[in-house]
Amino acid sequence: MANAIEVRDLTVAYRESPVLWDIDLDVPSGALMAIVGPNGAGKTTLIQAILSLIKPAAGQIRIFGQPYRSVASSVGYVPQRGSVDWDFPTSVLDVVLMGLYGRLGWVRRPGRDQRTEAMAALDQVGMAELAHRQISQLSGGQQQRVFLARALVQDARIYLMDEPLQGVDATTERTIIELLRTLQSLGKTVMVVHHDLQTVSSYFDEVLLLNVRRIASGPVSEVFTEANLRLTYGGRVAIIKGAT
Amino acid sequence: MEQFLGDYTFRTVALGTAILGAISGALGAFAVLRRQSLLGDAVSHAALPGIGLAFIITGSKAPLILMVGAGLAGWLATVVVLVITTTTRIKFDGALGFVLSVFFGIGLVLLTFIQKFPDAGQAGLDSFLFGQAAALVEQDVITIAVLGGLALAVLVLFWKEFKLLSFDPEFANSLVLPVRRLDLGLTTLLVVAIVIGLQTVGVVLMSAMIIAPAAAARQWTDNLGIMVLISMVIGALSGVGGALLSTSMSNLPTGPTIVLCASGVVLVSVIIAPRRGLVWEQIRRTLQARRLRSEAILLDLFELARKHDSYEHPHMEAALKVMHPNASTLRRQLRSLHSKGLISVHSTGGWALTEEGMNTCKGLLDKRVR
Amino acid sequence: MSLFQLEIQLVAAVVAVACALPGTFLVLRQMAMMSDAISHAILPGIVVGFFLTGNLSSPILILGGAATGLLTVVLVEWMRKTELVREDAAIGLVFSALFAAGVILIARYAGDVHLDTDAVLLGELAFAPFDRLQIAGYDLGPQSLYSTGLVGLLCAAFIILFYKELKLATFDSALCATLGFLPGLLHYALMGLVSMTAVAAFDAVGSILVVALMVGPPISAYLLTNRLDRMILYSILLAVTAAVSGYWVAHLFDASIAGCMVAIVGVQFGILLCIAPNQGLLAAWRRRKRQRWQFAIKMLVIHLLQHEGTPEAERECRVDHLQDHLAWEKPFAENVVSRASTKRLLNPVGESLELTPAGRELAREAIVHR
């Protein structure tokens, strides 16, 4: 099967010290992959690099064989919940509609069709009833589901999610997992930054163990071994000395 | 008052201040939401040397020329702040304070320098410090309206992009929107909004016209579009109100008067705005405390009832008093529970749960377990 | 140089130093904009004090101004705690309202006396020597020298006495609290000092330029050193230099002394921003250039190490392969290879590259296990 994402020799540096070092990664199309690693391992950075939000020091990333800019509309992004101001004066539906801004193009406003699409996405995450609520009145789990709905409405082929399961309630966790499975059954490729090692094997079928370098990646059954985990976490955290 | 409204000069002034108040209200809403309130302060202070230089270079006091100078200087200030914060470890606040005061200082030096010009045409420039509404003439109002109208038009045209930029710039970036250019555009609009108010409100206090209407408007709504509209109305009303007061009384500088009007609106909004306001919050808190207290009494009765065979067994107020030593409002709470039909009073004067009260208690306990 | 000129420079230098002392901590605690807020907000306090005493350098004014300054801090804190208005907007709202009130008080009730809006913005450093302190008929020098000197000494004493606590509260407020040093109390004490300094300096340099003296020298010093004690020392030196040279520049161009001092503060920062040894733009540029090569060499040796002895080594370890593998341009790749081989990290063997023991060592070291 063709690869959805191909990362070659990716190195990312902040202020000259590397955060990601020489990453090679193939994400097969249709994979449901967890990105796992300790704090500061570069998980978020990897997602951001794939999305071209940061400029790598070296290496290249291809999505369906093309650079990000030309396939941006087929990539959906779920950022960390804490990355925005939830007191912003806007409603749940409005936030979901933002997922369509890329497709709408300049100047055009979202109309009835877009609203219908957004409502459908909200329904999928069980939030349709709260569509007109102000976003500050949502619980953490509900906020996360709004972000998911915003990505769903993009109708992408690849989804990149940054810790969607971090600090959410049980209902939200169930909803999100079901959603991930649905996406997978629709042939979408999903990469999820994940913190809870206990649930990796039950939620995902592929895993990337990351700690600045790629420790291992592949099917959970093959790669998610104690030896690899020890290499990733194991008290002795692998780092690259800053290039000073 | 009526004599003012009929007066042509005053109508010109009122129109000018209303327009500039509305524009700064609209752009201010975005500045406040993007946590750039104090950037407005820096831009307005930093505009002073631009005004001075524009006059020195051209020798003209035409509003458009001075505004262009002010705008360039204000814009330069934001660039310098950006350079300092991105290239050194000096933080935003330090860079802002530095740029604001140094630009302003240089502006003052230029003004004292201009004062020595032989034709002494600087009298008009002095009014840029604290503003002078009375000096607004038709030409100024036209300039304000055209520039402000353009800024508003751009804001409306790119409304959804600016909204996304303000809420979640990273997501905007993932949609390959040109985030940096949008950011630059919105900041430029802010500079325009500030610059058109300088002649009337003055460089020192113009920043308040950016912050105050927006901060007040935020209290009244949870919708960005409505917030911008309310902010424009508040800005316009403060502008007209301040200009009216300052032209009707002697020795009342326009800028400070307008700013006090706008600040008053903020204070009122923070106190009385429905749902968010302080009064509202206080009422909500009182109601919740009362509800919790009566729930506690209800659960005590439930506890007592469990020790007896039947929930109908009455309990004296004194017994409840022991369980709530500092409940001074015990009787009132009991009466309120009684009127809701949750408890009943017995001929002995004791209280007992009704069946409905029983069910309520079970519901409450269920919720707590969960 | 006359005694008159010497006295002005002395007052200027003392003011600058008194401002730089608390300013250093404001900058480090990321509260530089509080100096802007306080210096604006003290105006109504000063005006009321002035009405009461009829004297701009009276100690009552200093206390009145300091009280208004603390009021600002409390009001901002209160607004922030309501969670209705964000901190930056709260700062902007509070100080502009208070400043507006001050300007109106002056315009309405003090328009024709010693205190006017020019004095508010520019201070009257040139007139400092006219207001003498006389005790029992002896002339002891300009009065403002004593008021600013006293406040400066107070700042110095506070910093010396609580140096350790201030340092801790600035860099690790949580640890400071657990050790029982009350960071909140220190915060208010510091804000009180900032207010008093702003009032004392107001007479000399006006209310906005104080910000430049509080923020400018400390951020310049911050470009030069990492150590707190050095930073304070450099701030003092920069402040004195700016005061004295500012005076002479003003003398030369017959401009405002305070304005010229502030302009010099700006020039100092501009120069240091370019040439500061580690933090400066020039140094950063040079460092980046150097690091770019080091970084590239490291990437090269790691790449070679990882493929050494593997079946694909033949293909991976060729110069021309680096171009597409590491996304390096051909000239860049060749340059890196030649730099690496000069350092004896690798040997070109025909078209292929082979690590030396030193190169292998460097690569392993780069991927260390902590």
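The values are calculated or read from the model by the stated rules, or taken from the named source; none is laboratory data. What you see is a predicted model; the values in this text were computed from it and never measured. FYI the Cβ positions are ideal-geometry reconstructions off the backbone, even for glycines, and counts take in every protein chain you see.
Figures for the structure shown
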| quantity | calculated |
| --- | --- |
| Sole residue being surrounded by fewer than 16 Cβ atoms within 10 Å (Cβ to Cβ) and either out of contact with any helix residue (DSSP H, G or I) (no Cβ under 6 Å at 6 or more places or on another chain) or not in a strand (DSSP E or B) (or both), chosen from A:E173, A:E178 | A:E178 |
| Selected residue (only one of A:V190, A:V200 is assigned to a helix (DSSP H, G or I) and in contact (Cβ under 8 Å) with a residue 24 or more places away in the chain) | A:V200 |
| Qualifying residue in the range B:202-220 (condition: without any contact (Cβ under 8 Å) to a residue 24 or more places away in the chain, farther than 30 Å from B:P63 by Cα and of a type in the set (F, W, Y)) | no |
| Residues of the range A:25-41 classified as under 13 Å from the mean Cα position of the chain (by Cα) and within 18 Å of A:T11 (Cβ to Cβ), total | 1 |
| Test: residue in the range B:212-219 that is more than 9 Å from chain A (Cβ to nearest Cβ), part of a helix (DSSP H, G or I) and basic (K, R) | no |
| Answer from C:Q30, C:Q9 - the residue that is free of Cβ contacts under 8 Å to residues at least 12 places away in the same chain and in the same structural domain as C:M191 (by TED's automatic domain parsing) | C:Q30 |
| Selected residue (only one of B:L66, B:L48 is touching a residue at least 60 places away in the same chain (Cβ under 8 Å), closer than 15 Å to B:G107 by Cα and either over 28 Å from the mean Cα position of the chain (by Cα) or more than 13 Å from every other protein chain (Cβ to nearest Cβ) (or both)) | B:L66 |
| Helices (runs of 4 or more DSSP H) lying entirely in the range B:1-64 (those with 1 or more residues that are modelled with pLDDT of 90 or more and more than 19 Å from B:L237 (Cβ to Cβ)) | B:8-33, B:37-58 |
| Some residue of the range C:263-282 being part of a helix (DSSP H, G or I), in contact with a strand residue (DSSP E or B) (Cβ under 8 Å, 6 or more places away or on another chain) and either at pLDDT below 80 or within 8 Å of another protein chain (Cβ to nearest Cβ) (or both) | no |
| Meets criteria (touching a helix residue (DSSP H, G or I) at 6+ places or on another chain (Cβ under 9 Å), part of a helix (DSSP H, G or I), at pLDDT 90 or above and within 9 Å of another protein chain (Cβ to nearest Cβ)) for B:I226 | yes |
| Which listed residue is within 30 Å of A:I23 (Cβ to Cβ), surrounded by 20 or more Cβ atoms within 10 Å (Cβ to Cβ) and charged (D, E, K, R), from A:D162, A:D155 | A:D162 |
| Among (1) in a helix (DSSP H, G or I); (2) surrounded by fewer than 22 Cβ atoms within 10 Å (Cβ to Cβ); (3) over 22 Å from the mean Cα position of the chain (by Cα), the one test that C:L70 misses | (3) |
| Any strands (runs of 3 or more DSSP E) falling wholly within the range A:1-110 and containing at least 1 residues that are in contact (Cβ under 8 Å) with a residue 60 or more places away in the chain and surrounded by fewer than 19 Cβ atoms within 10 Å (Cβ to Cβ) | A:17-28 |
| Selection count where residues are free of Cβ contacts under 8 Å to residues at least 40 places away in the same chain, surrounded by 22 or more Cβ atoms within 10 Å (Cβ to Cβ) and more than 21 Å from C:L6 (Cβ to Cβ), scope the range C:251-287 | 1 |
| Among (1) within 30 Å of A:I215 (Cα to Cα); (2) modelled with pLDDT of 80 or more; (3) not β-branched (V, I, T), the one test that C:R292 misses | (2) |
| Unique match (being outside the structural domain of B:M227 (by TED's automatic domain parsing), touching a strand residue (DSSP E or B) at 6+ places or on another chain (Cβ under 9 Å), over 30 Å from C:A41 (Cβ atoms) and not charged (D, E, K, R)) among B:L330, B:L292, B:L301 | B:L301 |
| Among (1) within 24 Å of B:D93 (Cβ to Cβ); (2) crowded, with 17+ Cβ neighbours inside 10 Å; (3) not acidic (D, E), the one test that C:W78 misses | (2) |
| The listed residue being more than 18 Å from the chain's Cα centre (by Cα) and among the aliphatic types (A, V, I, L, M), out of B:L82, B:L33, B:L39, B:L20 | B:L82 |
| Of all residues in the range A:211-244 being of a type in the set (D, E, K, R) and over 22 Å from C:L362 (Cα atoms), the one that is modelled with the highest pLDDT | A:E222 |
| Some residue of the range A:67-77 being closer than 29 Å to A:V223 by Cα, under 21 Å from the mean Cα position of the chain (by Cα) and of a type in the set (F, W, Y) | yes |
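Residue-by-condition table, conditions (1) touching a residue at least 40 places away in the same chain (Cβ under 8 Å); (2) more than 30 Å from C:L121 (Cβ to Cβ):
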position: C:A156; (1), (2): yes, no
position: C:L186; (1), (2): no, yes
position: C:L209; (1), (2): yes, no
position: C:L213; (1), (2): yes, no
position: C:R230; (1), (2): no, yes
position: C:A239; (1), (2): yes, no
position: C:A242; (1), (2): yes, no
position: C:V249; (1), (2): no, no
